[in-house]
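A.B. asks: Have a look at this one.
The values are calculated or read from the model by the stated rules, or taken from the named source; none is laboratory data. Since the model is a prediction, treat every value here as computed from it, not as a measurement. As a convention, Cβ positions derive from the backbone with ideal geometry for all residues, glycine included, and neighbour counts pool all protein chains shown. The area values use the complete protein model at the heavy-atom level, side chains included, leaving out ligands, DNA and RNA. Shrake-Rupley method; radii C 1.70, N 1.55, O 1.52, S 1.80 Å.
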Amino acid sequence: MTHPMRIGRSDFNTDVPHAITGHLPAFNADPLWFLTDCGRYNRGVLSLRILHKKLFLLLEPADIEQVLITDHRNFIKPEWLRTPFVNRLLGDGLVNSEGPVWRTRHDGCRHAFENSRMERYAEMISELSLQRIDTWTAGEAINLQREMTQLTLEVAGRLLFGADPTVPDWVTEVADALDTLMVCFGSRYSLFGMGPLPASSREIRAARRLDSVITNLISQRLEQSGSDSQSFARQDLVSMMPGYQCEGSDRAQLHGQVKTFLGAGSESSSVALTWALVLLAGHPEEDARLYTEVRSVLGNTMRSPTLSDLTNMPYTRAVISEALRLYPPLWMIGRQAIEATTIGECAIPAGGIVMTSPWLMQRSARIFSDPNTFRPERWLGSETESIPRGAYFPFGAGPRICMGRNFAMIESCLVLAAIVNRYQVEIPRDEPIIPWPTVTLRTPHGLRAQLIAR
Ligand code: HEM
(Lines give C-alpha, C1' and ligand atoms only; values in the text may rest on other atoms or scores of the structure.)
Protein backbone atom coordinates (compact mmCIF):
# COMPACT_ATOMS: atom_id res chain seq x y z
CA MET A 1 0.00 0.00 0.00
CA THR A 2 1.36 3.43 -0.82
CA HIS A 3 0.92 6.30 1.55
CA PRO A 4 0.32 9.78 0.23
CA MET A 5 2.86 12.17 1.70
CA ARG A 6 1.86 15.75 1.91
CA ILE A 7 2.48 18.76 3.98
CA GLY A 8 -0.34 20.73 5.51
CA ARG A 9 -1.75 23.84 3.93
CA SER A 10 -1.99 27.13 5.69
CA ASP A 11 -4.66 29.75 5.07
CA PHE A 12 -2.14 32.48 5.67
CA ASN A 13 -0.85 34.48 2.78
CA THR A 14 2.92 34.58 3.14
CA ASP A 15 3.06 37.75 1.04
CA VAL A 16 1.14 39.80 3.60
CA PRO A 17 2.80 39.92 7.02
CA HIS A 18 0.77 40.77 10.11
CA ALA A 19 1.20 44.41 11.13
CA ILE A 20 2.71 43.56 14.54
CA THR A 21 3.87 39.95 14.51
CA GLY A 22 5.03 39.94 10.88
CA HIS A 23 5.38 36.48 9.35
CA LEU A 24 5.34 34.69 12.74
CA PRO A 25 1.66 33.58 12.63
CA ALA A 26 1.99 32.28 9.05
CA PHE A 27 5.22 30.50 9.91
CA ASN A 28 3.79 29.05 13.13
CA ALA A 29 0.58 27.91 11.46
CA ASP A 30 2.48 25.60 9.14
CA PRO A 31 6.25 26.07 8.88
CA LEU A 32 6.78 23.61 6.00
CA TRP A 33 3.99 25.07 3.95
CA PHE A 34 5.33 28.54 4.70
CA LEU A 35 8.82 27.59 3.47
CA THR A 36 7.46 25.78 0.42
CA ASP A 37 5.35 28.79 -0.43
CA CYS A 38 8.38 31.06 -0.10
CA GLY A 39 10.10 28.74 -2.60
CA ARG A 40 7.79 29.94 -5.36
CA TYR A 41 9.93 33.11 -5.55
CA ASN A 42 12.57 30.68 -6.77
CA ARG A 43 15.52 33.10 -6.70
CA GLY A 44 17.42 35.53 -4.57
CA VAL A 45 16.95 36.43 -0.92
CA LEU A 46 13.53 36.79 0.65
CA SER A 47 13.11 39.38 3.36
CA LEU A 48 10.81 38.30 6.21
CA ARG A 49 9.88 39.73 9.60
CA ILE A 50 9.29 37.89 12.86
CA LEU A 51 7.92 40.42 15.38
CA HIS A 52 10.41 43.29 15.09
CA LYS A 53 13.25 41.12 13.77
CA LYS A 54 14.18 40.94 10.11
CA LEU A 55 14.99 37.53 8.69
CA PHE A 56 16.47 36.69 5.32
CA LEU A 57 15.59 33.39 3.65
CA LEU A 58 18.13 32.24 1.05
CA LEU A 59 16.82 30.63 -2.13
CA GLU A 60 20.07 30.35 -4.13
CA PRO A 61 22.56 27.50 -3.59
CA ALA A 62 25.44 29.95 -4.23
CA ASP A 63 24.18 32.26 -1.46
CA ILE A 64 23.90 29.33 0.94
CA GLU A 65 27.51 28.39 0.15
CA GLN A 66 28.54 31.99 0.80
CA VAL A 67 26.98 31.99 4.27
CA LEU A 68 27.92 28.48 5.41
CA ILE A 69 31.29 28.11 3.69
CA THR A 70 33.11 31.00 1.99
CA ASP A 71 32.00 33.84 4.27
CA HIS A 72 31.48 31.73 7.39
CA ARG A 73 33.57 34.06 9.58
CA ASN A 74 30.93 36.75 9.27
CA PHE A 75 28.03 34.38 10.01
CA ILE A 76 27.78 32.91 13.48
CA LYS A 77 25.14 30.64 14.97
CA PRO A 78 21.92 32.65 15.43
CA GLU A 79 20.57 33.94 18.71
CA TRP A 80 17.75 31.36 18.66
CA LEU A 81 20.38 28.72 19.52
CA ARG A 82 21.04 30.56 22.75
CA THR A 83 17.40 30.87 23.88
CA PRO A 84 16.41 29.16 27.16
CA PHE A 85 14.42 26.61 25.16
CA VAL A 86 17.44 25.39 23.19
CA ASN A 87 19.51 25.47 26.35
CA ARG A 88 17.03 23.16 28.05
CA LEU A 89 17.20 20.76 25.10
CA LEU A 90 20.83 20.88 23.98
CA GLY A 91 22.68 22.66 26.78
CA ASP A 92 25.73 24.77 26.13
CA GLY A 93 27.91 22.61 23.91
CA LEU A 94 29.54 22.28 20.54
CA VAL A 95 26.45 23.05 18.46
CA ASN A 96 25.83 26.52 19.90
CA SER A 97 29.31 27.73 20.89
CA GLU A 98 31.51 30.11 18.91
CA GLY A 99 35.10 31.34 18.63
CA PRO A 100 37.90 29.87 20.77
CA VAL A 101 35.43 27.97 23.00
CA TRP A 102 34.03 26.19 19.93
CA ARG A 103 37.54 25.52 18.60
CA THR A 104 38.69 23.87 21.87
CA ARG A 105 35.54 21.76 22.12
CA HIS A 106 35.69 20.85 18.43
CA ASP A 107 39.36 19.85 18.36
CA GLY A 108 38.97 17.67 21.44
CA CYS A 109 35.95 15.72 20.20
CA ARG A 110 36.94 15.42 16.54
CA HIS A 111 39.30 12.49 17.31
CA ALA A 112 36.32 10.37 18.28
CA PHE A 113 35.19 10.49 14.64
CA GLU A 114 38.43 9.48 12.93
CA ASN A 115 38.08 6.85 10.21
CA SER A 116 40.26 4.42 12.14
CA ARG A 117 37.54 4.12 14.80
CA MET A 118 34.64 3.41 12.47
CA GLU A 119 35.10 -0.34 12.28
CA ARG A 120 34.79 -0.69 16.04
CA TYR A 121 31.79 1.64 16.08
CA ALA A 122 30.15 -0.38 13.31
CA GLU A 123 30.44 -3.56 15.43
CA MET A 124 28.93 -1.74 18.37
CA ILE A 125 26.05 -0.35 16.27
CA SER A 126 25.24 -3.75 14.76
CA GLU A 127 25.33 -5.40 18.17
CA LEU A 128 22.93 -2.85 19.67
CA SER A 129 20.65 -3.02 16.60
CA LEU A 130 20.31 -6.78 16.89
CA GLN A 131 19.65 -6.51 20.61
CA ARG A 132 16.77 -4.13 19.96
CA ILE A 133 15.38 -6.04 16.96
CA ASP A 134 15.40 -9.18 19.12
CA THR A 135 12.90 -7.51 21.44
CA TRP A 136 10.38 -7.21 18.56
CA THR A 137 7.99 -9.91 17.40
CA ALA A 138 6.39 -10.43 14.02
CA GLY A 139 2.89 -9.01 13.77
CA GLU A 140 3.56 -6.54 16.56
CA ALA A 141 2.77 -2.83 16.19
CA ILE A 142 5.59 -0.59 17.39
CA ASN A 143 6.06 3.13 17.82
CA LEU A 144 8.79 3.38 15.20
CA GLN A 145 10.10 6.83 16.13
CA ARG A 146 10.29 5.83 19.77
CA GLU A 147 12.15 2.57 18.98
CA MET A 148 14.63 4.43 16.78
CA THR A 149 15.17 7.08 19.46
CA GLN A 150 15.92 4.45 22.06
CA LEU A 151 18.31 2.59 19.76
CA THR A 152 20.20 5.70 18.70
CA LEU A 153 20.39 6.80 22.34
CA GLU A 154 21.96 3.45 23.25
CA VAL A 155 24.47 3.98 20.43
CA ALA A 156 25.20 7.55 21.60
CA GLY A 157 25.62 6.24 25.16
CA ARG A 158 28.30 3.76 24.06
CA LEU A 159 30.01 6.39 21.93
CA LEU A 160 30.11 8.81 24.84
CA PHE A 161 30.93 6.48 27.70
CA GLY A 162 32.68 3.56 26.01
CA ALA A 163 30.28 1.10 27.66
CA ASP A 164 26.60 0.79 28.47
CA PRO A 165 25.85 3.17 31.34
CA THR A 166 24.27 1.33 34.27
CA VAL A 167 22.17 4.29 35.44
CA PRO A 168 18.73 2.64 35.74
CA ASP A 169 16.28 3.39 32.93
CA TRP A 170 18.45 6.15 31.51
CA VAL A 171 17.42 5.47 27.90
CA THR A 172 13.70 5.61 28.69
CA GLU A 173 14.14 8.70 30.84
CA VAL A 174 16.11 10.59 28.18
CA ALA A 175 13.75 9.45 25.38
CA ASP A 176 10.73 10.59 27.47
CA ALA A 177 12.34 13.96 28.16
CA LEU A 178 13.27 14.47 24.48
CA ASP A 179 9.74 13.51 23.40
CA THR A 180 8.16 15.94 25.86
CA LEU A 181 10.50 18.76 24.83
CA MET A 182 9.66 18.13 21.17
CA VAL A 183 5.91 18.19 21.90
CA CYS A 184 6.22 21.37 23.99
CA PHE A 185 8.24 23.03 21.29
CA GLY A 186 5.77 21.91 18.64
CA SER A 187 2.84 23.32 20.57
CA ARG A 188 4.34 26.78 20.94
CA TYR A 189 6.15 27.33 17.69
CA SER A 190 7.96 30.52 18.20
CA LEU A 191 11.02 30.08 16.04
CA PHE A 192 13.13 28.40 18.66
CA GLY A 193 11.94 30.56 21.53
CA MET A 194 12.29 33.89 19.70
CA GLY A 195 8.55 34.42 20.08
CA PRO A 196 7.00 35.65 23.31
CA LEU A 197 5.41 32.49 24.74
CA PRO A 198 6.92 31.28 28.02
CA ALA A 199 7.87 27.67 28.77
CA SER A 200 5.21 25.46 30.34
CA SER A 201 5.79 23.69 33.64
CA ARG A 202 5.77 20.41 31.68
CA GLU A 203 8.68 21.64 29.59
CA ILE A 204 10.63 22.76 32.67
CA ARG A 205 10.00 19.39 34.39
CA ALA A 206 11.20 17.45 31.33
CA ALA A 207 14.35 19.58 31.12
CA ARG A 208 15.06 18.98 34.83
CA ARG A 209 14.63 15.24 34.36
CA LEU A 210 17.02 15.29 31.42
CA ASP A 211 19.60 17.25 33.43
CA SER A 212 19.34 14.94 36.40
CA VAL A 213 19.90 11.80 34.27
CA ILE A 214 22.90 13.43 32.59
CA THR A 215 24.39 14.38 35.97
CA ASN A 216 24.06 10.73 37.05
CA LEU A 217 25.59 9.44 33.81
CA ILE A 218 28.59 11.74 34.20
CA SER A 219 29.08 10.93 37.90
CA GLN A 220 28.94 7.23 37.15
CA ARG A 221 31.49 7.57 34.34
CA LEU A 222 33.86 9.63 36.51
CA GLU A 223 33.59 7.20 39.42
CA GLN A 224 34.58 4.38 37.09
CA SER A 225 37.66 6.23 35.88
CA GLY A 226 38.64 6.85 39.51
CA SER A 227 38.35 3.20 40.49
CA ASP A 228 39.80 1.61 37.37
CA SER A 229 43.04 2.96 35.95
CA GLN A 230 42.45 0.91 32.79
CA SER A 231 39.54 3.09 31.86
CA PHE A 232 41.83 6.09 31.37
CA ALA A 233 42.90 4.29 28.22
CA ARG A 234 39.26 3.89 27.21
CA GLN A 235 39.39 6.95 24.99
CA ASP A 236 35.66 7.35 24.80
CA LEU A 237 34.14 10.62 23.67
CA VAL A 238 33.66 11.97 27.19
CA SER A 239 37.37 11.62 27.94
CA MET A 240 38.14 13.90 24.96
CA MET A 241 35.95 16.72 26.21
CA PRO A 242 37.39 19.82 27.86
CA GLY A 243 36.26 19.74 31.50
CA TYR A 244 36.68 15.97 31.82
CA GLN A 245 37.62 15.16 35.43
CA CYS A 246 37.36 18.79 36.51
CA GLU A 247 35.10 20.24 39.18
CA GLY A 248 32.90 23.36 39.45
CA SER A 249 32.20 25.34 36.30
CA ASP A 250 34.24 22.92 34.19
CA ARG A 251 31.90 20.14 35.29
CA ALA A 252 28.99 22.31 34.09
CA GLN A 253 30.76 22.62 30.75
CA LEU A 254 31.06 18.85 30.54
CA HIS A 255 27.34 18.55 31.33
CA GLY A 256 26.47 20.83 28.41
CA GLN A 257 28.64 18.88 26.03
CA VAL A 258 27.29 15.49 27.03
CA LYS A 259 23.76 16.85 26.63
CA THR A 260 24.62 18.16 23.16
CA PHE A 261 25.98 14.82 22.03
CA LEU A 262 23.10 12.84 23.50
CA GLY A 263 20.62 15.11 21.70
CA ALA A 264 22.51 15.81 18.46
CA GLY A 265 23.86 12.27 18.30
CA SER A 266 20.55 10.47 18.71
CA GLU A 267 17.69 12.67 17.56
CA SER A 268 18.69 13.36 13.94
CA SER A 269 19.75 9.76 13.29
CA SER A 270 16.53 8.39 14.74
CA VAL A 271 14.47 10.79 12.63
CA ALA A 272 16.40 9.84 9.46
CA LEU A 273 15.89 6.13 10.13
CA THR A 274 12.21 6.52 10.91
CA TRP A 275 11.58 8.42 7.68
CA ALA A 276 13.58 5.91 5.64
CA LEU A 277 11.39 3.08 7.00
CA VAL A 278 8.17 5.05 6.50
CA LEU A 279 9.17 5.83 2.91
CA LEU A 280 9.98 2.17 2.26
CA ALA A 281 6.59 1.19 3.70
CA GLY A 282 4.96 3.36 1.04
CA HIS A 283 7.20 2.17 -1.82
CA PRO A 284 7.11 -1.63 -2.12
CA GLU A 285 9.35 -1.78 -5.21
CA GLU A 286 12.13 0.17 -3.55
CA ASP A 287 11.66 -1.90 -0.39
CA ALA A 288 12.00 -5.13 -2.39
CA ARG A 289 15.13 -3.85 -4.12
CA LEU A 290 16.69 -2.95 -0.79
CA TYR A 291 15.82 -6.34 0.68
CA THR A 292 17.40 -8.07 -2.34
CA GLU A 293 20.62 -6.10 -1.86
CA VAL A 294 20.76 -6.80 1.88
CA ARG A 295 20.11 -10.52 1.33
CA SER A 296 22.74 -10.72 -1.44
CA VAL A 297 25.34 -9.39 1.01
CA LEU A 298 24.29 -11.11 4.24
CA GLY A 299 23.21 -14.37 2.64
CA ASN A 300 20.39 -16.33 4.14
CA THR A 301 21.49 -15.48 7.68
CA MET A 302 20.43 -13.24 10.51
CA ARG A 303 24.02 -12.03 10.99
CA SER A 304 24.46 -8.32 11.40
CA PRO A 305 26.16 -6.28 8.69
CA THR A 306 29.73 -5.04 9.13
CA LEU A 307 31.49 -1.90 7.94
CA SER A 308 33.02 -3.68 4.95
CA ASP A 309 29.57 -5.05 3.96
CA LEU A 310 28.50 -1.46 3.39
CA THR A 311 30.82 -1.12 0.36
CA ASN A 312 28.57 -3.73 -1.32
CA MET A 313 25.37 -1.96 -0.32
CA PRO A 314 25.17 1.15 -2.53
CA TYR A 315 21.38 1.00 -2.66
CA THR A 316 21.11 1.01 1.15
CA ARG A 317 23.17 4.21 1.21
CA ALA A 318 21.06 5.65 -1.61
CA VAL A 319 17.88 5.01 0.40
CA ILE A 320 19.32 6.94 3.35
CA SER A 321 20.56 9.80 1.12
CA GLU A 322 17.12 10.05 -0.46
CA ALA A 323 15.32 9.98 2.92
CA LEU A 324 17.67 12.76 4.10
CA ARG A 325 16.81 14.72 0.95
CA LEU A 326 13.05 14.48 1.33
CA TYR A 327 12.90 14.70 5.11
CA PRO A 328 16.05 16.45 6.35
CA PRO A 329 16.03 16.05 10.16
CA LEU A 330 17.34 19.60 10.51
CA TRP A 331 14.93 21.33 8.19
CA MET A 332 16.22 24.83 8.90
CA ILE A 333 19.77 26.01 9.50
CA GLY A 334 20.32 29.60 10.56
CA ARG A 335 23.15 32.07 10.94
CA GLN A 336 23.49 35.67 12.13
CA ALA A 337 25.65 38.32 10.44
CA ILE A 338 28.32 39.90 12.63
CA GLU A 339 28.92 42.82 10.27
CA ALA A 340 26.69 44.35 7.61
CA THR A 341 27.25 42.68 4.26
CA THR A 342 25.52 41.82 1.01
CA ILE A 343 24.23 38.49 -0.25
CA GLY A 344 23.53 38.64 -3.95
CA GLU A 345 21.86 42.02 -4.28
CA CYS A 346 20.39 42.04 -0.79
CA ALA A 347 21.87 44.19 1.97
CA ILE A 348 22.12 42.29 5.26
CA PRO A 349 22.45 44.50 8.35
CA ALA A 350 24.79 43.70 11.23
CA GLY A 351 22.92 41.21 13.43
CA GLY A 352 20.60 40.20 10.56
CA ILE A 353 19.37 36.61 10.78
CA VAL A 354 19.84 34.49 7.69
CA MET A 355 17.87 31.27 7.22
CA THR A 356 18.63 28.36 4.95
CA SER A 357 16.32 25.40 4.61
CA PRO A 358 17.39 21.92 3.50
CA TRP A 359 13.65 21.12 3.31
CA LEU A 360 13.11 23.86 0.74
CA MET A 361 16.29 23.49 -1.33
CA GLN A 362 16.30 19.70 -1.43
CA ARG A 363 12.83 19.68 -2.97
CA SER A 364 13.59 22.36 -5.56
CA ALA A 365 12.57 21.46 -9.11
CA ARG A 366 15.42 23.69 -10.33
CA ILE A 367 17.88 21.16 -8.94
CA PHE A 368 16.20 17.77 -8.61
CA SER A 369 14.12 16.06 -11.26
CA ASP A 370 10.84 14.84 -9.91
CA PRO A 371 11.74 16.55 -6.62
CA ASN A 372 8.92 15.25 -4.41
CA THR A 373 9.29 11.62 -5.45
CA PHE A 374 11.17 9.01 -3.42
CA ARG A 375 13.65 7.74 -5.98
CA PRO A 376 16.81 6.36 -4.28
CA GLU A 377 18.40 5.39 -7.61
CA ARG A 378 19.03 9.06 -8.35
CA TRP A 379 22.03 8.64 -5.98
CA LEU A 380 23.52 5.71 -7.92
CA GLY A 381 24.47 7.26 -11.26
CA SER A 382 25.78 10.62 -12.39
CA GLU A 383 22.46 12.41 -11.86
CA THR A 384 23.39 13.83 -8.47
CA GLU A 385 27.14 14.19 -8.98
CA SER A 386 27.16 17.89 -9.75
CA ILE A 387 24.62 19.13 -7.24
CA PRO A 388 25.87 22.36 -5.67
CA ARG A 389 26.84 22.17 -2.00
CA GLY A 390 24.15 24.70 -1.16
CA ALA A 391 21.40 22.57 -2.69
CA TYR A 392 21.83 19.31 -0.77
CA PHE A 393 23.11 19.82 2.76
CA PRO A 394 21.33 17.58 5.28
CA PHE A 395 24.51 17.69 7.42
CA GLY A 396 25.11 21.42 6.92
CA ALA A 397 28.30 22.66 5.25
CA GLY A 398 31.54 24.51 5.98
CA PRO A 399 33.44 24.47 9.28
CA ARG A 400 30.23 23.88 11.28
CA ILE A 401 29.25 20.83 9.24
CA CYS A 402 27.94 17.91 11.32
CA MET A 403 30.81 16.36 13.23
CA GLY A 404 29.07 12.98 13.29
CA ARG A 405 28.13 12.80 9.58
CA ASN A 406 30.23 9.75 8.66
CA PHE A 407 29.25 8.03 11.87
CA ALA A 408 25.58 8.86 11.18
CA MET A 409 25.68 7.49 7.62
CA ILE A 410 27.28 4.26 8.83
CA GLU A 411 24.83 4.00 11.72
CA SER A 412 21.79 4.64 9.51
CA CYS A 413 22.87 2.12 6.84
CA LEU A 414 23.73 -0.60 9.37
CA VAL A 415 20.52 -0.22 11.36
CA LEU A 416 18.38 -0.07 8.22
CA ALA A 417 20.02 -3.19 6.76
CA ALA A 418 19.60 -5.10 10.03
CA ILE A 419 15.89 -4.22 10.23
CA VAL A 420 15.14 -4.87 6.56
CA ASN A 421 16.86 -8.25 6.79
CA ARG A 422 14.31 -9.34 9.40
CA TYR A 423 11.15 -7.32 8.93
CA GLN A 424 9.05 -5.49 6.44
CA VAL A 425 7.58 -2.41 8.06
CA GLU A 426 3.97 -1.53 7.27
CA ILE A 427 2.16 1.63 8.26
CA PRO A 428 -1.40 0.42 8.85
CA ARG A 429 -3.18 3.63 7.95
CA ASP A 430 -4.71 5.18 4.89
CA GLU A 431 -4.39 8.70 6.10
CA PRO A 432 -1.58 10.90 4.78
CA ILE A 433 1.60 11.03 6.79
CA ILE A 434 2.10 14.66 7.59
CA PRO A 435 5.61 15.57 8.73
CA TRP A 436 5.81 17.22 12.11
CA PRO A 437 8.32 20.06 12.07
CA THR A 438 9.38 20.44 15.65
CA VAL A 439 13.07 21.03 16.43
CA THR A 440 13.72 18.19 14.00
CA LEU A 441 11.42 17.01 11.23
CA ARG A 442 9.69 14.10 12.93
CA THR A 443 7.03 11.71 11.70
CA PRO A 444 3.55 12.29 13.22
CA HIS A 445 3.63 11.81 16.98
CA GLY A 446 2.76 8.25 18.03
CA LEU A 447 2.73 6.83 14.47
CA ARG A 448 2.44 3.01 14.77
CA ALA A 449 4.15 0.58 12.43
CA GLN A 450 3.41 -3.10 11.93
CA LEU A 451 6.25 -5.60 11.70
CA ILE A 452 5.87 -8.32 9.06
CA ALA A 453 8.37 -11.17 9.13
CA ARG A 454 10.32 -11.55 5.87
C1 HEM B 1 21.32 11.66 10.10
C2 HEM B 1 21.86 12.12 11.19
C3 HEM B 1 22.35 13.54 11.40
C4 HEM B 1 22.01 14.68 10.74
C5 HEM B 1 21.04 14.87 9.58
C6 HEM B 1 22.77 15.76 11.35
C7 HEM B 1 22.72 17.09 10.93
C8 HEM B 1 23.52 18.09 11.45
C9 HEM B 1 23.56 19.43 10.94
C10 HEM B 1 22.73 19.98 9.79
C11 HEM B 1 24.47 20.12 11.67
C12 HEM B 1 24.93 21.55 11.44
C13 HEM B 1 24.01 22.58 12.04
C14 HEM B 1 24.44 23.99 11.67
O15 HEM B 1 25.20 24.22 10.76
O16 HEM B 1 23.94 24.90 12.34
C17 HEM B 1 24.98 19.21 12.66
C18 HEM B 1 25.92 19.56 13.62
C19 HEM B 1 26.42 18.66 14.54
N20 HEM B 1 26.15 17.33 14.63
FE21 HEM B 1 24.90 16.27 13.44
N22 HEM B 1 23.52 15.25 12.35
C23 HEM B 1 23.31 13.89 12.41
C24 HEM B 1 23.89 12.98 13.28
C25 HEM B 1 24.85 13.30 14.20
C26 HEM B 1 25.52 12.36 15.06
C27 HEM B 1 25.28 10.85 15.04
C28 HEM B 1 26.36 13.08 15.86
C29 HEM B 1 27.28 12.61 16.95
C30 HEM B 1 27.40 11.41 17.38
C31 HEM B 1 26.22 14.48 15.50
C32 HEM B 1 26.89 15.50 16.09
C33 HEM B 1 26.87 16.81 15.67
C34 HEM B 1 27.65 17.87 16.28
C35 HEM B 1 28.57 17.74 17.48
C36 HEM B 1 27.37 19.04 15.57
C37 HEM B 1 27.95 20.43 15.82
C38 HEM B 1 29.22 20.61 15.01
C39 HEM B 1 29.85 21.98 15.19
O40 HEM B 1 29.14 22.97 15.33
O41 HEM B 1 31.07 22.02 15.15
N42 HEM B 1 25.30 14.58 14.49
N43 HEM B 1 24.39 17.98 12.51
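A.B. asks: Within the bounds of the stretch 162-176, is there any residue that is within 16 Å of the ligand (Cβ to nearest atom), at pLDDT below 90 and assigned to a helix (DSSP H, G or I)?
C.D. replies: Within the stretch 162-176 (the criterion being within 16 Å of the ligand (Cβ to nearest atom), at pLDDT below 90 and assigned to a helix (DSSP H, G or I)), the answer is no, since none of the residues qualifies.
A.B. asks: Now for a different question. Kindly evaluate residue 82 against the criterion of being more than 15 Å from residue 334 (Cβ to Cβ) and among the basic types (Lys, Arg). Full working, then the answer.
C.D. replies: Working: more than 15 Å from residue 334 (Cβ to Cβ): no; among the basic types (Lys, Arg): yes.
Here the answer is no, as residue 82 does not meet what is asked.
A.B. asks: Quick one: how many residues across the stretch 143-160 are open to solvent by less than 20 Å² (accessible area, probe 1.4 Å) and within 13 Å of the ligand (Cβ to nearest atom)? So that I can check it myself, show each step before the final result.
C.D. replies: As a first pass, look at the stretch 143-160 and keep what is open to solvent by less than 20 Å² (accessible area, probe 1.4 Å): 144-145, 148-149, 151-153, 155-157, 159-160.
Filter once more, keeping what is within 13 Å of the ligand (Cβ to nearest atom): 148-149, 151-153, 155-157, 159-160.
Qualifying residue count for the region: 10.
A.B. asks: Of the residues in the stretch 129-142, how many are more than 16 Å from the ligand (Cβ to nearest atom), of a type outside the set (D, E, K, R) and out of contact with any strand residue (DSSP E or B) (no Cβ under 8 Å at 6 or more places or on another chain)?
C.D. replies: If we filter the stretch 129-142 for residues that are more than 16 Å from the ligand (Cβ to nearest atom), which is where we start, we get 130-142.
Okay, now just the ones that are also of a type outside the set (D, E, K, R), so 130-131, 133, 135-139, 141-142.
With the extra rule that they be out of contact with any strand residue (DSSP E or B) (no Cβ under 8 Å at 6 or more places or on another chain), the set shrinks to 130-131, 135.
Looking only at that region, the number is 3.
A.B. asks: If a residue must be under 16 Å from the mean Cα position of the chain (by Cα), near the ligand (Cβ under 8 Å from one of its atoms) and of a type outside the set (S, T, N, Q), how many such residues does the stretch 378-428 contain?
C.D. replies: Looking only at that region, the number is 15.
A.B. asks: When the stretch 429-451 is examined, which residues are found to be charged (D, E, K, R) and more than 16 Å from the ligand (Cβ to nearest atom)?
C.D. replies: Restricting attention to the stretch 429-451, the residues satisfying the condition of being charged (D, E, K, R) are 429-431, 442, 448.
Scanning the stretch 429-451 gives 429, 430, 431, 448.
A.B. asks: Okay, next question. Considering every residue within the stretch 441-449, establish whether at least one is more than 17 Å from the chain's Cα centre (by Cα) and open to solvent by less than 10 Å² (accessible area, probe 1.4 Å).
C.D. replies: Yes, the stretch 441-449 has at least one match.
A.B. asks: Another question, then. Within the stretch 257-293, track down each residue that is acidic (Asp, Glu) and surrounded by fewer than 24 Cβ atoms within 10 Å (Cβ to Cβ). Steps first, answer last, please.
C.D. replies: First, pick out the residues of the stretch 257-293 that are acidic (Asp, Glu): 267, 285-287, 293.
285, 286, 287, 293, listed by residue number.
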